[in-house]
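Note sheet for the following structure.
Bear in mind these aren't lab numbers, they're just calculated from the coordinates by the rules spelled out. Just so it is clear, the structure is predicted and the values come from calculations on it, not from any experiment. Using ideal geometry, Cβ is built from the backbone for each residue, glycine included, and neighbour counts are taken over all protein chains shown.
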Amino acid sequence: MFIDSHCHLFYDDFKNDIADVISRANNAGVQYFIVPATNHETALQAIALAEKYPSIFVSVGFHPLDLKDFSTERLALIEEMVSHPKVVAIGEIGIDYFYDTSPREYQKEIFSLQIELAIRKNLPIIVHTRDSVQDAVDIALRHAKSHPEWRNQGKRGVFHCFTGDTVQAKALFDNNFLISFPGPITFKKSIMPDLIKEIGIEHVMVETDSPYLTPVPYRGKRNEPSYIPLIAQKIADTLNISIEEVGRVTTLNAKKLFNLPI
Ligand SMILES: [Zn+2]
Ligand SMILES: [Zn+2]
């Protein structure tokens, strides 16, 4: 069994065949889906999906590339959504220096503001980074250290599509954060396999980030959660363990992080 810990099933890419996408995933052993919103509008769409499909859970927040949609009024609406039983995290939030669609200081400020929301609600965060891992790690760890009560007994969040190094990964693990790996781990030039050889899978989850980041051999096509076993198999081969073991550990990590009632 697997959980796709990060898939954007609300996008139009899935409008015509979402039921098929979910049943194909189920047939491939992917039983649950975490669907991270990117702004207020997609949060509403994600929650609507979660109300329709028992296997879908949701995170709410403003993606760093969607900060044009951010306002304190809309953040208050996001905060209200947290009481919905299928909202399990704040995300995806973070900083993105690759596209740099908003000033860096502003991105950091809104990232911090949303971590504060997660701390108030005692929820985990789903963190997006691109060319910004160190700054995002610094901000997340600063909040973790000043709020020991935040998920003290459990985990505090995940850095998704992790592209940092071993030192950054270990600093995150030491402070109760996880990381997750998507399709690019299957690409020939990926650095992710070397990283996972050093850190193991104890603090790792799998994700597709559908409809993006499609794994080999479907690279270039729309991504979907039924491809999770391709990512898990690559991790299994890299670590010389069984795909069942990858499924067992990553599923347990997702269940614990998101406190899933399953
Ligand atoms: Zn992301
Ligand atoms: Zn994403």
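List, please: which pairs have Cβ atoms under 6 Å, are six or more places apart or on different chains, and start with a residue in the stretch 24-53 that is within 19 Å of LEU257 (Cα to Cα) and end with one that is more than 16 Å from ligand 2 (Cβ to nearest atom) and part of a strand (DSSP E or B)?
Pairs found: VAL30/PHE2.
Quick one: would you say ASP96 is over 22 Å from GLN168 (Cα atoms), free of Cβ contacts under 8 Å to residues at least 40 places away in the same chain and of a type in the set (Asp, Glu)? Show your work before the answer.
Numbers: over 22 Å from GLN168 (Cα atoms): no; free of Cβ contacts under 8 Å to residues at least 40 places away in the same chain: yes; of a type in the set (Asp, Glu): yes.
When the stated conditions are applied, ASP96 does not pass them.
Examine the stretch 36-44 for a residue that is under 20 Å from VAL88 (Cα atoms), in contact with a Ser or Thr (Cβ under 8 Å, 6 or more places away or on another chain), outside any helix (DSSP H, G or I) and more than 16 Å from ligand 2 (Cβ to nearest atom), and state whether such a residue exists.
So the first thing to find is which residues in the stretch 36-44 are under 20 Å from VAL88 (Cα atoms), and the list is 36-44.
After this cut, where a residue has to be in contact with a Ser or Thr (Cβ under 8 Å, 6 or more places away or on another chain) as well, the list is 36-37.
From what's left, outside any helix (DSSP H, G or I): 36-37.
Still in the list and also more than 16 Å from ligand 2 (Cβ to nearest atom): none.
Checked against the condition, which is being under 20 Å from VAL88 (Cα atoms), in contact with a Ser or Thr (Cβ under 8 Å, 6 or more places away or on another chain), outside any helix (DSSP H, G or I) and more than 16 Å from ligand 2 (Cβ to nearest atom), the stretch 36-44 yields no hits at all.
Can you tell me which residue within the stretch 91-112, out of those that are under 16 Å from ALA140 (Cβ atoms) and among the small types (Gly, Ala, Ser), is nearest to ligand 1 (Cβ to nearest atom)?
GLY94
Hey, PHE98 hits all of (1) under 21 Å from HIS6 (Cα atoms); (2) away from ligand 2 (no atom under 16 Å from the Cβ); (3) not polar (S, T, N, Q) but one; which does it fall short on?
(2)
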